[in-house]
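Participant: I'd like to ask some things about the structure below.
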Amino acid sequence: MNQFFVLCVFAFAFAPTFEARGLFQSLTGSVKPGKCPEPTRLPQPFELKQFLGTWYEIKSTKPVFEKDLRCVQANYQLDSATGNVVVNNSGVYVSNNTIFTVGTAKTTKQDNVLSVKFLPYSPAAQYWVVDTDYKGYALVVSCNNVFGLFNFRDVWVLSRNPTLEDATVKNLVAKLDSVGIKDTQLFDTLQNC
Ligand SMILES: *[C@@H]1O[C@H](CO)[C@@H](O)[C@H](O)[C@H]1NC(C)=O
Ligand SMILES: *[C@@H]1O[C@H](CO)[C@@H](O)[C@H](O)[C@H]1NC(C)=O
């Protein structure tokens, strides 16, 4: 399989997360050679139920030309029938139109790592909760290997409120290095809705 095909498959997988429009342009920012780091664990067991609800995106790896999309938020609800998490990612365009995309997150053998899919036939993406206090902030990474040759990574700094204290943001960003997600360029998300 040639690498271009693999890139296309990944572009498709990430399309609903708003990343695809910029995926190719952002290759230098979010693609690294080699494999993803092993996801770290949290100091305490991950409490999925406490993590549910709404999170506002404060910073992310999204390319700067996606600045049109503001007020990006993620909402997580438990589907009691399946035990999966229903993910609703949304954002607002300059036109004031809201767009959203709904996916499913499943638990994996590591409690703070979920597996997210936005289309039934798209590859699942990692959803690694690197740090959270549940009530205030969360740092989430999605790192996905492609044949062990290179990997795509995305980072989200999330808050329960449309703002987050600078000190907290700095602290979270500093954590990325220590978990092996280095040299990541993050962009501010405008939260003005
Ligand atoms: C997803 O979230 C957006 C923004 O809050 C909302 O407008 C939309 O109705 C939600 N969609 C679903 C299926 O819950
Ligand atoms: C979007 O909403 C804001 C605030 O209500 C308003 O000032 C602005 O004119 C709207 N933009 C468009 C393109 O409708």
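Participant: Using the Karplus equation 6.51 cos²θ - 1.76 cosθ + 1.60 (θ = phi - 60°), what ³J(HN,Hα) coupling, rounded to whole Hz, does each residue of the stretch 82-99 give in order, writing x for Gly and Pro?
Facilitator: After applying 6.51 cos²θ - 1.76 cosθ + 1.60, I find 10, x, 7, 9, 8, 9, 10, 9, 9, x, 10, 7, 4, 5, 6, 6, 8, 10 Hz.
Participant: For the stretch 97-188, state which chymotrypsin sites (Phe, Trp or Tyr not before Pro) are in a DSSP loop and have at most 13 other beta carbons lying within 10 Å of their beta carbon.
Facilitator: Details: sites: 100, 118, 121, 127, 128, 134, 137, 147, 150, 152, 156, 187; in loops: 118, 121, 134, 147.
Counting only loop positions with at most 13 other Cβ atoms within 10 Å, the chymotrypsin sites (Phe, Trp or Tyr not before Pro) in the stretch 97-188 are 121, 147.
Participant: Which residues in the stretch 118-138 place their backbone N less than 13 Å from a point set 7 Å from the Cα of residue 101 along the Cα-to-Cβ direction?
Facilitator: Residues 118-125 qualify, since their backbone N sits under 13 Å from the label point.
Participant: Right, another one. Please give the FRET efficiency for residue 134 paired with residue 35, using the beta carbon to beta carbon distance and R0 = 30 Å, rounded to the nearest 0.05.
Facilitator: Working: r = 30 Å, r/R0 = 0.99.
Step by step, r from the Cβ atoms, then E = 0.50.
Participant: Among all the aspartates and glutamates, which ones have a C-alpha under 19 Å from residue 62's C-alpha, if same-chain residues fewer than 8 places away are not counted?
Facilitator: 19, 154, 177, 183, 188
Participant: Something else now. For residue 174, put the label point 7 Å out on the Cα→Cβ axis and report which residues of the stretch 100-141 keep their amide N under 20 Å from it.
Facilitator: Once the point is set 7 Å along Cα→Cβ of residue 174, 130-134, 136-141 turn out to lie under 20 Å by backbone N, inside the stretch 100-141.
Participant: Another question, then. Are there any trypsin sites (Lys or Arg not before Pro) in the stretch 123-177 that are in a DSSP loop and have at most 11 other Cβ atoms within 10 Å? List them by number.
Facilitator: Values: sites: 135, 153, 160, 170, 175; in loops: 135, 160.
Qualifying residues, ordered by number: 135.
Every number in this text was worked out from the coordinates using simple rules, so none of it is lab data. Bear in mind that the values here come from a model prediction, so they are computed numbers and not experimental data. Because the Cβ atoms are built from the backbone with ideal geometry, glycine has one as well, and the counts that use them run over all protein chains shown.
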